[in-house]
Amino acid sequence: METRRSFCRICHAACPIEVDVEGSTVVAVRGVKDDPLFEGYTCVKGRHLPEQHADPHRVRGPLRRDGDGFVPVGLGQALDDIAATIGRIIAEHGPRAVATYIGTGGFQSSTAVATTRMWHRAVASPSFHTSITIDQPAKTTAPARIGWWDAGFHSFRSSDVSMALGYNSLVSSYAPQGGLQGTNPFVELRRAKARGMKLIVVDPRRTELASFADLHLQVLPGEDATLLAGLLHVVLRDGLHDVAFCEAHVDRLAELEAAVVPFPPAYVAERCGVTADEVVVAARLFAAGPRGIAGTGTGPGMSPRCSLTEHLVTALNVVCGRVNRAGDRINNPGILGGGRPFRAQVVAPRPEALTRGEPSRVRGLRGYRGQMPTNALADEILEPGEGRVRALVVIGGNPVVAWPDQRKTVDAMAALELLVVLDHRLTPTAEMAHFVLGSKLPLERADVTHIMDPWFEAPYANYTDAVVEPDGEVLNEWELIWELSRRMGTTVELPGGPLPIDRKPTDDEVIALAYATSRVPVGEIRRNGARIYDELEVVVEPAEPGASARFALAPPDIVAELAEVRAEASSAVVLSGFDPEVHTFRLVSRRLKAVLNSLGTEMPSIRSKGSTNLAYLHPDDLADLGAADGDLVEISSPRGTIVGVAAAADDLRRGVVSMAHSWGDGRLHDERVREIGTPTNRLVDNADGFDPITGQAVQSAIPVLVRPVRP
Ligand SMILES: Nc1nc2c(c(=O)[nH]1)N[C@H]1C(S)=C(S)[C@@H](COP(=O)(O)OP(=O)(O)OC[C@H]3O[C@@H](n4cnc5c(=O)[nH]c(N)nc54)[C@H](O)[C@@H]3O)O[C@H]1N2
Ligand SMILES: Nc1nc2c(c(=O)[nH]1)N[C@H]1C(S)=C(S)[C@@H](COP(=O)(O)OP(=O)(O)OC[C@H]3O[C@@H](n4cnc5c(=O)[nH]c(N)nc54)[C@H](O)[C@@H]3O)O[C@H]1N2
Ligand code: SF4
Ligand SMILES: [Mo]
């Protein structure tokens, strides 16, 4: 038996691992105790990688649709057929008709996004989609309206205060401030608390993270914009903001102050279901700083008015001056990103960037930052007319359960002329495909730590070679793009030059081409393995002479939306079908430790921890419904109905159903809910109450009616 070093790629966190291998069998996986950043951390998912490799149902070679089932087919034949169909659709309907979607699984492969994006450019198809546009997309669009700070905002390790609105890093390893992702989050948090950092958590659930909080606001879901307006109200009213910073760098502070006047603590408290005192204490604790930021997770990022919420949280950080100043050392300048300077100046808002993207054919939406919104892809497939999407290649994603509006998504998958899925599992989406291509598992390919690169709390990078041989006729993500390019005669240009077409490159070559402009050459990162590049002394430079851009705190559309919020009784009114008498509960999303979105239950040890996504409810709510733990409950939104298995949870506030997403299958009923769970996206309407800028549907704080299912 041999032990090799690698890193886990089930989620973005990139925990370094030691892998025991016997021939091509993965025998055991452990954390790396001496890793300078992770200090031995792994989670239950990573430690069960051997079961992922041993899965008897793994897709080990191409499958082609044959009636209701599949037949195995040779890889060359499958790729010939796929390339020919894509070529025909482009010739008949133009390149826009061919779309790709890279999901969370695809993101883990460090060259998937770069190669797929450039393939789109080569065939002139704008229809490039990823899970980014359904994963808190307002984070990518808010800077265009409010501006950005070139040298970045405060990092976690140097913070005196951290405000977490709707994320739960101790389960998700996700944190907008870095710090609690890509590390050992438990150790990191304890150290921060030991040095005196104050933690404020805003969440309807007393989450694992909230249990460490100095202040937990157990809010009603969906009201984060109101809460943030209230925090800004207190900060500005009491003069707790950084006056000098605001004078030098912000515009329209007076307009923002005026716009939040109608959000005094008493009003905000009533609306958010907390006390006025809690609102004031939170504002003062945060403003006291002097360092630290507030950030949102998927809770607020998927609730109504996510763009406004993201604007206000950035505004709160800005008025408190929580940015890196000239002379500050940047704790992680990024290793794979380019060696750009960090300057103490505002990056000007560019709201026009949000009105110039490729138009979507529905709902007045547009592409932004080189991608089309995934929220509208089902409509792009279903809406007749020029530019209709007819072919879709899904790379490590699971639209049937993960996309908003399940019914529409299922209809869309069925309407495609060509659906290709690259995955190692026969997912509910793969079950609807014309071709399923088996993907390599992460331990079968080389990768770099590209997702975490800008977020690591230290200048850290890792590189892994493949540690086992691939099992079956399976493909890496870039290999699929290369195979299509070769057959279609397209050139995929990467930062280091074109992907060679006359011969098959290696993983290492493709990584070197994709990260040719990295701060540390990838060859060096490969030689070093996991390492902190402490010798990279990057210090914030003064502003460029003449730099005059300012943060746009209160553009007229933001002021107008704040007034709309103030005129509503609840954020749920954005949904036209909402009836306050009927939809008395709010359904919120949550992550589960043992699974990643739809992935996990194929591993027997994980499956034994639970085969359904329980519908957690406060025990008193359950009692009022006349239901008990383990009973079936029917959950209905204005858009649809699911049946879930109820579970009592006293960590929730009353009136909230907390449920993980992306379970179940595409059959649109829940007869097998106890065995496979149920997809909460059946409750989601992608065309009602959506955020007008990003198209984000209401996927959290969904107004629902809950009823017991009588046997
Ligand atoms: N209601 C509701 N809906 C949500 C959310 C929510 O909170 N609530 N969250 C949203 C968010 S944040 C996201 S990111 C999306 C997720 O949306 P998706 O990414 O579409 O869904 P996943 O279930 O993560 O699908 C990932 C797939 O990749 C496969 N995979 C894993 N590793 C690899 C690999 O190395 N290569 C390849 N080719 N495939 C691999 C897995 O088997 C799995 O089928 O869902 C969104 N949907
Ligand atoms: N173990 C595990 N880790 C994961 C994933 C997984 O499925 N499992 N998924 C990965 C993905 S794709 C992503 S994007 C990240 C997401 O990472 P996080 O954003 O941390 O996701 P959650 O753990 O669901 O935390 C969301 C929190 O928001 C709260 N919430 C819901 N609605 C509201 C609201 O309206 N307002 C407020 N203030 N709070 C609200 C919920 O109660 C929940 O505690 O996690 C990643 N990591
Ligand atoms: S946190 Fe993510 S990367 Fe780390 S072991 Fe768990 S699944 Fe793997
Ligand atoms: Mo996500």
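Between the stretch 277-307 and the stretch 566-625, the alpha-carbon centres lie 22 Å apart.
Where does each of 192-200, 454-462, 292-300 land if you order them by average Cβ count within 10 Å, highest first? Don't skip to the end; give the middle numbers.
On the way: 192-200: 16.2, 454-462: 22.8, 292-300: 26.2.
Going by the mean number of other Cβ atoms within 10 Å, highest first, we get 292-300, 454-462, 192-200.
The residue among 17, 170, 346 whose Cα reaches farthest toward the positive pole of the charge dipole of the chain, with charges on the beta-carbon of Lys, Arg, Asp and Glu, is 346.
The spacing between the stretch 398-462 and the stretch 670-696, judged by their C-alpha centroids, is 18 Å. Specify whether the C-alpha gyration tensor of the stretch 569-708 places it in the rounded, prolate or oblate class, a ≥ b ≥ c being the square roots of the eigenvalues: rounded for a/c under 1.5, otherwise prolate if a/b is larger than b/c and oblate if not. The shape class here is oblate. Placing a pseudo-label 7 Å from each Cα along the Cα-to-Cβ vector at residue 517 and residue 275 gives an inter-label distance of 5.3 nm.
By the gyration tensor of its Cα atoms, with a ≥ b ≥ c the square roots of the eigenvalues, what is the shape of the chain: rounded for a/c under 1.5, prolate for a/b over b/c, or oblate? Here the chain falls in the rounded category.
Using Cβ point charges alone (K and R +1, D and E -1), the dipole size of the stretch 226-369 about the Cα centre works out to roughly 720 debye. Ordering 174-182, 662-670 by mean Cβ neighbour count within 10 Å, with the highest value first, yields 174-182, 662-670. Under the membrane-span-like helix rule (DSSP H runs whose alpha carbons stretch at least 24 Å along the helix axis, mean Kyte-Doolittle hydropathy -1.0 or higher), the chain yields 75-93. Positive-end ranking of 530, 263, 181 along the dipole of the chain, with charges on Cβ about the Cα centre, is headed by 530. Taking label points 7 Å from Cα along the Cα-to-Cβ direction, residue 80 and residue 288 give a separation of 7.2 nm.
Explain nothing, just the number: relative contact order of the stretch 414-569, from Cα pairs under 8 Å at least 6 residues apart, as a whole percent. Walk me through the numbers before you get to the answer.
Values: 154 pairs, mean separation 29.8, N = 156.
Taking the mean separation of contacting Cα pairs over the length of the stretch 414-569, I get 19 percent.
For the stretch 138-347, the dipole from Cβ point charges (+1 on Lys and Arg, -1 on Asp and Glu) about the Cα centre works out to 680 debye, to the nearest 20.
Considering all projection directions equally, how large on average is the shadow of the alpha-carbon convex hull of the stretch 19-133, in square nanometres? Let's see the in-between values first.
Values: hull surface 44.4 nm².
About 11.1 nm², averaged over all directions.
The relative contact order of the stretch 163-275, computed from alpha carbon pairs under 8 Å that lie at least 6 residues apart in sequence, is 22 percent.
Can you tell me how the stretch 2-54 classifies by the Cα gyration tensor, rounded, prolate or oblate, using a/c under 1.5 as the rounded cut?
oblate
About the Cα centre of the stretch 84-159, what is the dipole size in debye to 20, counting +1 per Lys and Arg Cβ and -1 per Asp and Glu Cβ, all else neutral? Can you show the working numbers first?
Working: 7 positive and 3 negative charges, 9 e Å.
Around 40 debye, computed over the stretch 84-159.
Of the trypsin sites (Lys or Arg not before Pro) found in the stretch 1-35, those that fall in a DSSP loop while having at most 11 other beta-carbon atoms within 10 Å are 33.
Given a Förster distance of 56 angstrom, what is the FRET efficiency for residue 535 paired with residue 624, based on the Cβ-Cβ distance and rounded to 0.05?
Efficiency computed from Cβ-Cβ geometry: 0.35.
Phi angles across the stretch 578-593 convert, under the Karplus curve 6.51 cos²θ - 1.76 cosθ + 1.60 with θ = phi - 60°, into 3J(HN,Hα) values of 5, 10, x, 6, 9, 8, 8, 10, 10, 8, 10, 7, 7, 9, 10, 4 Hz, Gly and Pro given as x.
Paramagnetic label reach from residue 191 (point 7 Å along Cα→Cβ; backbone nitrogen cut-off under 19 Å): within the stretch 33-54, residues 33-43.
Let me check against my output: what whole-number percent is the relative contact order of the chain, with C-alpha pairs under 8 Å and at least 6 apart?
On the way: 1654 pairs, mean separation 138.1, N = 711.
Relative contact order comes out at 19 percent.
Each part reduced to its alpha carbon centroid, the stretch 1-37 and the stretch 511-530 end up 20 Å apart.
Rule-based calculations on the coordinates, nothing more; no lab input. It should be emphasised that the depicted structure is a prediction, and the values quoted were computed from it without experimental measurement. So basically every Cβ, Gly included, is an ideal-geometry build from the backbone, and we count neighbours across all protein chains shown.
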